[in-house]
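Written below as structure tokens is the structure these notes are about.
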Amino acid sequence: MDQQEYNWISRRAHEIWQSEGCPNGRDREHWSQAVSDWQARGHMDPPSLGPEAAAPPIRKVLVVDDEPLIRFATVDALEEAGFEVLEAGNADEALVVFEGAQIDAVFTDVNMPGSTDGIGLMNRVRARSPGTRVIVTSGHVRLGAFDLASGVSFIAKPYDHSAIIDLLKESPRPATS
């Protein structure tokens with residue numbers, strides 16, 4: 001599965017999840033439906049999600065990574081690309097920042113110290129704000145479609161900052177109902 005296909009399916013699964021009232025425990029069904037939708041489209045390029053295209057652009061991003069040099073480099077790259085960026089060194093810090101600001105997207109590492117990791121952060125962000133775009137990264141684990149909540153993207157470390165920027169600019173966050 002190429003990155004474009006994965007991203008389309010991820011966003012479509014999130015759209016289905018939201019349209020059903022954000023039910024818990026049904027992500028596998030939503031991913032399966034999104035894969036079927038992709039296949040039914042005949043792999044047309046470029047993929048378009050219709051109503052999702054009207055979602056407001058992502059402006060404010062929260063970067064969460066316990067490795068300061070990686071976090072600083074990512075923050076710098078996103079700021080240079082025009083995003084307003086907030087940062088946190090772990091998921092606990094990120095939740096405090098998230099509660100205090102309107103965040104459009106969260107970019108988080110998986111393995112971090114603290115009371116929860118990036119996957120726990122992803123789940124809490126999705127529960128509190130289903131319209132917030134989430135991108136997960138790791139250099140230690142590889143996560144697939146069924147490891148992540150609907151609509152969450154994964155980028156393996158080491159990554160090129162342009163891949164993150166492309167996801168944030170070309171993949172508007174899901175429209176909230």
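In order along the stretch 122-128, the phi-based Karplus estimate (6.51 cos²θ - 1.76 cosθ + 1.60, θ = phi - 60°) of 3J(HN,Hα) comes to 3, 5, 5, 4, 4, 5, 7 Hz; Gly and Pro are listed as x.
Coupling constants for the stretch 130-140 follow from the phi torsions by the Karplus curve (6.51 cos²θ - 1.76 cosθ + 1.60, θ = phi - 60°), and in residue order they are x, x, 6, 6, 10, 10, 10, 9, 6, x, 10 Hz; glycine and proline get x. Close amide H partners of V106, meaning residues 5 or more places away or on another chain with modelled amide H under 5 Å apart, are L62, R133, V134, I135.
Okay, which of the stretch 54-94 sit inside 13 Å, backbone N to the point 7 Å along the Cα-Cβ direction of H140? It comes to 66-67, nothing else.
We did not get these values from a lab; they are worked out from the coordinates using the rules stated. It should be emphasised that the depicted structure is a prediction, and the values quoted were computed from it without experimental measurement. With ideal geometry, Cβ positions are generated from the backbone for all residues, glycine too; neighbour counts draw on all protein chains shown.
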